[in-house]
Amino acid sequence: MLLLLLGIIVLHVSVLVLLFISTIVSQWLVGTGHTADLWQNCTTGSVFHCLTSSTNEWLQSVQAMMILSIIFSVLSLFLFFCQLFTLTKGGRFYVTGIFQILAGLCVMSGAAIFTVRHTDWQPPAADVAFGFAYILAWVAFPLALISGVIYVILRKRE
């Protein structure tokens, strides 16, 4: 049982790390001499220069979804530790699982909106591709859902 709990905690913390990295790092869109993320657009050349991102409503919704996913995942981890010590024997971690599933759905919504609407605030270019932070957001989505489902299924034992 101890190994199972340790594995779940490692999975949860890895989801949190992926969410933090994908939200913070400036690599959602990468082009020749240009990178963009949820917060700023940077140009690389002789001088590295960053400007604040657009005020587009779709971009703000992606920002909100990514922040919400981090908040839900942190709350889920906190609730897991609280329930670990207060839940009766045989009880399930429903609240923890629901918050983690909500984190997964928020990151999925944010990444999907970014996928469909990124041309609204970034001019389309032939050399622009999705960066590693964008991919990490998509990787965090199924991992968050899996850990949420594990929390819902998990029963507390002595």
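The values are calculated or read from the model by the stated rules, or taken from the named source; none is laboratory data. Bear in mind that the values here come from a model prediction, so they are computed numbers and not experimental data. Cβ sites come from the backbone with ideal geometry, for glycine too, and all protein chains shown count toward neighbours. Side chains included, ligands, DNA and RNA excluded: accessible areas come from the protein's heavy atoms. Shrake-Rupley method; radii C 1.70, N 1.55, O 1.52, S 1.80 Å.
When Arg117, Arg92 are screened for being closer than 26 Å to Ile153 by Cα, touching a residue at least 40 places away in the same chain (Cβ under 8 Å) and open to solvent by 30 Å² or more (accessible area, probe 1.4 Å), only Arg92 passes. Of the candidates Leu75, Leu4, Leu19, Leu51, the single residue that is of a type in the set (A, V, I, L, M) and open to solvent by less than 60 Å² (accessible area, probe 1.4 Å) is Leu19. Of the residues making up the stretch 65-90, just one is more than 11 Å from the chain's Cα centre (by Cα) and either of a type in the set (D, E, K, R) or closer than 15 Å to Asp37 by Cα (or both), namely Lys89. So, of the residues in the stretch 68-82 that are in contact (Cβ under 8 Å) with a residue 40 or more places away in the chain and in contact with a Ser or Thr (Cβ under 6 Å, 6 or more places away or on another chain), which turns out to be farthest from Leu2 (Cα to Cα)? Result: Ser76. Exactly one residue out of Gly131, Gly97 is touching a residue at least 12 places away in the same chain (Cβ under 8 Å) and either in contact with a strand residue (DSSP E or B) (Cβ under 6 Å, 6 or more places away or on another chain) or open to solvent by 70 Å² or more (accessible area, probe 1.4 Å) (or both): that is Gly131. Taking the stretch 24-35 as the range and being in contact (Cβ under 8 Å) with a residue 24 or more places away in the chain and either in contact with a Phe, Trp or Tyr (Cβ under 7 Å, 6 or more places away or on another chain) or open to solvent by less than 60 Å² (accessible area, probe 1.4 Å) (or both) as the test, the residues that pass are Val25, Ser26, Gln27, Trp28, Leu29, Val30, Gly31, His34, Thr35.
So which of Ala112, Ala125 is under 28 Å from Val30 (Cβ atoms) and touching a Gly at 6+ places or on another chain (Cβ under 7 Å)? Exactly one of Ala112, Ala125 is under 28 Å from Val30 (Cβ atoms) and touching a Gly at 6+ places or on another chain (Cβ under 7 Å), namely Ala125.
Taking the conditions exactly as written (open to solvent by 40 Å² or more (accessible area, probe 1.4 Å) and in contact with a helix residue (DSSP H, G or I) (Cβ under 7 Å, 6 or more places away or on another chain)), does Leu38 satisfy them or not? Give the derivation first.
Working: open to solvent by 40 Å² or more (accessible area, probe 1.4 Å): no; in contact with a helix residue (DSSP H, G or I) (Cβ under 7 Å, 6 or more places away or on another chain): yes.
For Leu38, the condition - open to solvent by 40 Å² or more (accessible area, probe 1.4 Å) and in contact with a helix residue (DSSP H, G or I) (Cβ under 7 Å, 6 or more places away or on another chain) - is not met.
Of all residues assigned to the stretch 46-67, at least one qualifies as being out of contact with any Cys (no Cβ under 8 Å at 6 or more places or on another chain), hydroxyl-bearing (Ser, Thr, Tyr) and free of Cβ contacts under 8 Å to residues at least 12 places away in the same chain.
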